[in-house]
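All remarks here apply to the structure that follows.
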Amino acid sequence: MSTNHSNPLFNPLDICRENVKVLSPYTSARDEYVSDGTQMIFLDANENPNENGLNRYPDPLQRSLKQLWSRIKGVSGEQVLFGNGSDEVLDLLFRAFCEPNKDSIITLPPTYGMYQVLAGINGVTQIEVSLKKDFSIDTKAVLKAFVPEAKLLFVCSPNNPTGNLMDVNDVKILLNSFKGLVVVDEAYIDFSEQDSFIKLLDQYPNLVVIQTLSKAYGLAGIRLGVLMASKQIIQILLKIKPPYNVNVLSQQKAAERIEQQSLIKNEVATIIREKLRLETALAAVPFVKTLFYSDANFILARVDNASQRYQELLNKGIVVRNRSKQLHCENTLRFTVGTPQENNTLINTLRTL
């Protein structure tokens, strides 16, 4: 199958829930009036008028933040939606496109656990198509799983918990064949040298790309997720998002950090260097059986006894993640790359076990 042609016939309204199509969104005071820089007296939103830096509602459309993000990512501001963490923007997709107790999603385990949780919360069936043993997409099996009720297909790349990238041509096959939205979750893309799928947004109207400021940007504490898609998809999601879903402090912090591109690149380079050092050290540990190649800021390792090794590390004050219950991940531990000092402690501790 050719993987290069686009999918021009897709219209997101064809799969949008009927109640969302006819919904009149709540408009906040700040939706109706946009400042042109003139000093105005705001008596529209029942705020406390006493200025303390936080007494006013935030911009519901995060306009200045979108401008910054668009410049860095090379997408139009109309293709961007910010949310309270990636979990909120993922949830909005379910609420806009999946009819409860009728529609389904397709996931490719082992993968990020929130897709399954959000399906459960929204009363949506999950169709699981396992990744192959090498954690690549089984495209033939995925194509066979397509049913008319399937509205969302989730591809995590680099994948969590395995760290590997998905083959671009495999994803293009799915984009060309799937009648719903293909959601590529790129939480860890900044640690990879591969181009983001956002470069394909104009080619594939059914493509949705999710990124986050929690990982490479180091802002997990402010909970800011980003969804990028066609203008039409964004307009549907804007109808159902809460009016002030990203608070003033989060918008300010994110704007400051987005401006620090050279600092972020340096931090990412250090993390990647440390990951390589950690891989070398882990490979020399007798009880580590297999290391899985990672394009993220973590390493998945198969060990002799994951529960035992997890507990031993915990007793030494080091918290890692036991991923043994995930498909194809028997006896695996996931190690996040820490600071050079933290990694030294981990390496020295592993040698004593």
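The values are calculated or read from the model by the stated rules, or taken from the named source; none is laboratory data. All values reported here derive from a predicted model rather than from experimental measurement. Note: ideal-geometry Cβ built from the backbone for every residue, glycine included; neighbour counts use all protein chains shown.
Evaluate segment 50-57: report whether one residue or more is under 29 Å from the mean Cα position of the chain (by Cα), over 20 Å from Val226 (Cα atoms) and not in a helix (DSSP H, G or I).
Yes.
When segment 297-331 is examined, which residues are found to be small (Gly, Ala, Ser), buried (at least 19 other Cβ atoms within 10 Å of the Cβ) and in a helix (DSSP H, G or I)?
Within segment 297-331, just Ala306 meets the criteria.
If a residue must be in contact with a Gly (Cβ under 8 Å, 6 or more places away or on another chain) and either over 19 Å from Gln326 (Cα atoms) or of a type in the set (Asp, Glu) (or both), how many such residues does segment 259-303 contain?
4
Among the residues that make up segment 273-283, is at least one of them exposed (fewer than 15 other Cβ atoms within 10 Å of the Cβ) and either farther than 18 Å from Gly163 by Cβ or within 20 Å of the chain's Cα centre (by Cα) (or both)?
no
Go through segment 315-353 residue by residue and tally those that are farther than 21 Å from Glu274 by Cβ and more than 28 Å from the chain's Cα centre (by Cα).
1
Could you tell me whether any residue of segment 325-348 is of a type in the set (Gly, Ala, Ser), farther than 30 Å from Asp195 by Cβ and modelled with pLDDT of 95 or more?
Filtering segment 325-348 down to residues of a type in the set (Gly, Ala, Ser) leaves 338.
Next, from what is left, pick out any that are farther than 30 Å from Asp195 by Cβ: none.
Within segment 325-348, not a single residue is of a type in the set (Gly, Ala, Ser), farther than 30 Å from Asp195 by Cβ and modelled with pLDDT of 95 or more.
Looking at (1) crowded, with 16+ Cβ neighbours inside 10 Å; (2) assigned to a helix (DSSP H, G or I), which one does Gly221 not meet, given that it meets all the others?
That leaves (1) as the condition not met.
Taking segment 276-296, which residues are touching a helix residue (DSSP H, G or I) at 6+ places or on another chain (Cβ under 8 Å) and either aromatic (Phe, Trp, Tyr) or part of a loop (DSSP other than H, G, I, E, B) (or both)?
Correct list: Val285, Phe287, Ser294, Asp295, Ala296.
Mind checking which residues of segment 135-153 are surrounded by fewer than 19 Cβ atoms within 10 Å (Cβ to Cβ) and charged (D, E, K, R)?
Asp138, Lys140, Lys144, Glu149
I need a count of the residues in segment 332-346 that are farther than 18 Å from Tyr293 by Cβ, surrounded by 14 or more Cβ atoms within 10 Å (Cβ to Cβ) and touching a residue at least 40 places away in the same chain (Cβ under 8 Å).
Looking only at that region, the number is 3.
If I ask for residues that are in contact (Cβ under 8 Å) with a residue 12 or more places away in the chain and over 24 Å from Glu128 (Cα atoms), which ones from segment 302-331 would you list?
Val303, Asp304, Asn305, Ala306, Ser307, Arg309, Tyr310, Glu312, Leu313, Lys316, Ile318, Val320
Taking Val183, is it in contact with a Leu (Cβ under 8 Å, 6 or more places away or on another chain) and buried (at least 21 other Cβ atoms within 10 Å of the Cβ)? Explain how you work it out, then say what you get.
Details: in contact with a Leu (Cβ under 8 Å, 6 or more places away or on another chain): yes; buried (at least 21 other Cβ atoms within 10 Å of the Cβ): yes.
Spelling it out, Val183 is indeed in contact with a Leu (Cβ under 8 Å, 6 or more places away or on another chain) and buried (at least 21 other Cβ atoms within 10 Å of the Cβ).
In segment 100-134, which residue that is surrounded by fewer than 19 Cβ atoms within 10 Å (Cβ to Cβ) and of a type in the set (D, E, K, R) is farthest from Asp170 (Cα to Cα)?
Restricting to residues being surrounded by fewer than 19 Cβ atoms within 10 Å (Cβ to Cβ) and of a type in the set (D, E, K, R), the top hit is Lys102.
Restricting attention to segment 134-189, which residues are of a type in the set (S, T, N, Q) and more than 23 Å from Ser86 (Cα to Cα)?
Ser136, Thr139, Asn169, Asn176, Ser177
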